[in-house]
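The values are calculated or read from the model by the stated rules, or taken from the named source; none is laboratory data. Bear in mind the structure is a predicted one, so any value in this text is a computation, not a measurement. Quick reminder, even Gly has a Cβ in these numbers, built from the backbone with ideal geometry, and neighbours come from all protein chains shown.
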Amino acid sequence: MGVPVCSSLSVIEVLIGAKPEEEERTRKFLSALEVLPVDREVAEKAAEYIKTYQDKKNPDFADAVIAATAMVHGLALVTYNRRHYPMPEIRFYPPTSGE
């Protein structure tokens, strides 16, 4: 098992949500992760997700980019908000029962 990774948008979301007293620990945690950039392939996949699901679950911009990052890099997505990711090809960790 390698170094955990995240999307660069995940870094933004986490830092925005960090309380002032949590910021130092949060930055320390984030520094242990490999941060994957939003390149052309990720951007195009995110745009596809937004267009495909805009009438159903309406993934927001950040969630679409995070999902695209996981998909492009063949990664499982770790989240408490699985409902934000209606894309059937997204793998989650831990897997849901029956997977």
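Points to keep in mind about this one:
- Hits in region 72-98 (condition: under 17 Å from GLU34 (Cβ atoms), surrounded by 13 or more Cβ atoms within 10 Å (Cβ to Cβ) and not β-branched (Val, Ile, Thr)): LEU75, LEU77
- When GLU34, GLU24 are checked against the criterion of being exposed (fewer than 11 other Cβ atoms within 10 Å of the Cβ), in contact (Cβ under 8 Å) with a residue 12 or more places away in the chain and out of contact with any Pro (no Cβ under 6 Å at 6 or more places or on another chain), GLU34 stands alone in meeting it.
- Looking across VAL11, VAL72, one residue alone is touching a residue at least 24 places away in the same chain (Cβ under 8 Å) and either touching an Asp or Glu at 6+ places or on another chain (Cβ under 7 Å) or of a type in the set (S, T, N, Q) (or both). It is VAL72.
- Which listed residue is at pLDDT below 90 and over 22 Å from VAL14 (Cβ atoms), from GLY74, GLY98: GLY98
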